[in-house]
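Structure first, then comments.
The values are calculated or read from the model by the stated rules, or taken from the named source; none is laboratory data. The model shown is predicted, which means the values in this text are computed figures rather than measured ones. Note that each Cβ is placed from the backbone with ideal geometry, even for glycine, and that neighbours are counted across all protein chains shown. Heavy atoms of the whole protein, side chains included, go into the accessibility calculation; ligands, DNA and RNA do not. Shrake-Rupley method; radii C 1.70, N 1.55, O 1.52, S 1.80 Å.
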Protein chains: 2
Amino acid sequence: MNANIHIVEDEQSIVTLVEYNLSKEGFKVNSSTNGEDGFKAIKDTNPDLVLMDWMLPDLSGVEICKLLKKNEKYKNIPIIMLTAKGEEEDKVKALNIGADDYITKPFSFPELLARIKALLRRSKPSVAEDIISFGDLKIDRITRKVYRANKQIDLGPTEYNLLDFFIKNPKRVYSREQLLTNVWGDNINVESRTVDVHIRRLRQAINLEGTKDLIRTVRAAGYSLDN
Amino acid sequence: MNANIHIVEDEQSIVTLVEYNLSKEGFKVNSSTNGEDGFKAIKDTNPDLVLMDWMLPDLSGVEICKLLKKNEKYKNIPIIMLTAKGEEEDKVKALNIGADDYITKPFSFPELLARIKALLRRSKPSVAEDIISFGDLKIDRITRKVYRANKQIDLGPTEYNLLDFFIKNPKRVYSREQLLTNVWGDNINVESRTVDVHIRRLRQAINLEGTKDLIRTVRAAGYSLDN
DNA sequence: CAAAACTGTTACAGTTTTATTACAAAAATA
DNA sequence: TATTTTTGTAATAAAACTGTAACAGTTTTG
């Protein structure tokens, strides 16, 4: 498991708890504490799954859910709604507005985890799977080994994370900023040009003599794993 | 034998008895006295085998069994159902809902043990076996002796446990935290750096002059038994 | 075509992570 | 209880990795 999860929740205690536990499970977690920021961050970072409070300051979780599900580009991001009241009625409503699952507070972490995993397995096998391939490039998250044309490749931690991120959404172009937040983490302070250097290192490691560069540079936009 | 077994049973006398005897056999045993807790604990600790009462307060054993067998992640955990009545009909029912074996109370401990071993041998050879190898490294759980290239090696208790854990999932990378909780135990207070020292001791003991290090360091991730 | 904007590459200093060692305290054993 | 073994930690050394800056090269724009 190596998915990016975005939490939109104004109760700091829940954010802290969930963030801590999900990180321990190997997820990359980002969070926002209000609807406005949350919506922006989701569009920006394209998480693999969203955990969202039902009620939120300003833009409500319900609204965001509707907006996302209406948008072709984001409609496939699974959304789990969190709510304080355990009314059946709300559950129906949640599913109606397009949420993929629904969990009532207080919830146990294992329960949340089970639901997250189930959703991910369904919606994004490439994120949930332990072994992913792209062409003759293979990455094994259990052994943390990377192969190109069946030959093992050594990657440093950052290059490994970068590749792991790229391979979840091949061909998609990510800006340096998106790569920084998704691979490096949220409130980190790193020059965006630093991405270039790691891209170079990754290229050097995964590209084979005489074959096409697996990483495509998109001028003024960013990079993508492509062929 | 070195498997984790979880018991879900509300009769304390049975729990105590079975727990005591299984521990003596080398199993790690945990137990819950009601269905709710049991289900949670099983999902949480992912035991190698479950021993479950047919009738339970709140969530019944039958229900838990069904739930587990429906879940991709837990469906392979072997389940032995315990029941007071020895009716053939129940046996059929048990097997129908996915239980792997069925034993009626009162039962003799040797009988239970035989069934447990049989199931484990079938489902998880690496856990059930008394002698496990990885390459020319061999570990005998009965005599608690370790061999490399047929020559016996002396290991301290912690190094032995570490190796025993590694060898169950060779090549898999474990973080220091995972190693601490799995080898040292759950609520223990040990510096994660201490793992490094024991890794060194283990390396020193099992590695042969002039051969590749059997333990792989994965920077920013942990260690694995590899070659 | 020149200027501007953007990307590629390199080297290196600084940082982080891991390895190794020695040692005192704790635990097991005789 | 004395002796031996094992343990965890802290300190230091070594190795690996990272980020930046500088400059070269390339592409786009005016």
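Cβ-Cβ under 8 Å, sequence separation 6+ or interchain: first residue in the range B:216-227 and within 7 Å of another protein chain (Cβ to nearest Cβ), partner within 10 Å of DNA strand D (Cβ to nearest atom) and at pLDDT 95 or above. Which pairs? Close Cβ pairs satisfying both conditions: B:219/A:156; B:219/A:157; B:220/A:157; B:221/A:157; B:224/B:218.
Tell me whether the range A:161-174 contains one or more residues that are basic (Lys, Arg), within 17 Å of the chain's Cα centre (by Cα) and surrounded by fewer than 18 Cβ atoms within 10 Å (Cβ to Cβ). Yes, that holds for at least one residue. Residues in the range B:28-60 that are acidic (Asp, Glu) and either closer than 19 Å to residue B:97 by Cβ or away from chain A (no Cβ under 14 Å) (or both): B:36, B:48, B:53, B:58. Across the range A:60-81, the qualifying residues are those that are in contact with a strand residue (DSSP E or B) (Cβ under 9 Å, 6 or more places away or on another chain) and modelled with pLDDT under 90, and the one among them that is least open to solvent (accessible area, probe 1.4 Å) is A:61. Of all residues in the range A:109-160, those satisfying the criterion of being among the basic types (Lys, Arg) and either surrounded by 15 or more Cβ atoms within 10 Å (Cβ to Cβ) or within 11 Å of chain B (Cβ to nearest Cβ) (or both) are A:115, A:117, A:121, A:122, A:124, A:138, A:141, A:144, A:145, A:148. Might you let me know whether the range B:194-209 holds any residue that is among the polar types (S, T, N, Q), closer than 27 Å to residue A:146 by Cβ, modelled with pLDDT of 95 or more and within 11 Å of DNA strand C (Cβ to nearest atom)? Checked the range B:194-209: at least one residue is among the polar types (S, T, N, Q), closer than 27 Å to residue A:146 by Cβ, modelled with pLDDT of 95 or more and within 11 Å of DNA strand C (Cβ to nearest atom). Can we say residue A:25 is surrounded by 14 or more Cβ atoms within 10 Å (Cβ to Cβ) and within 14 Å of chain B (Cβ to nearest Cβ)? Criteria met by residue A:25. One residue stands out in the range B:215-227 among those that are on the phi < 0 side of the Ramachandran plot and within 12 Å of DNA strand C (Cβ to nearest atom): the one that is surrounded by the most Cβ atoms within 10 Å (Cβ to Cβ), namely B:223.
Please determine, by comparing only the residues of the range B:28-40 that are open to solvent by less than 30 Å² (accessible area, probe 1.4 Å) and modelled with pLDDT of 85 or more, which one is farthest from residue A:114 (Cα to Cα). It comes out as B:32. With respect to the conditions (1) within 14 Å of another protein chain (Cβ to nearest Cβ); (2) open to solvent by less than 40 Å² (accessible area, probe 1.4 Å); (3) of a type in the set (D, E, K, R); (4) within 30 Å of residue B:36 (Cβ to Cβ), residue A:101 lacks only one, and its number is (1).
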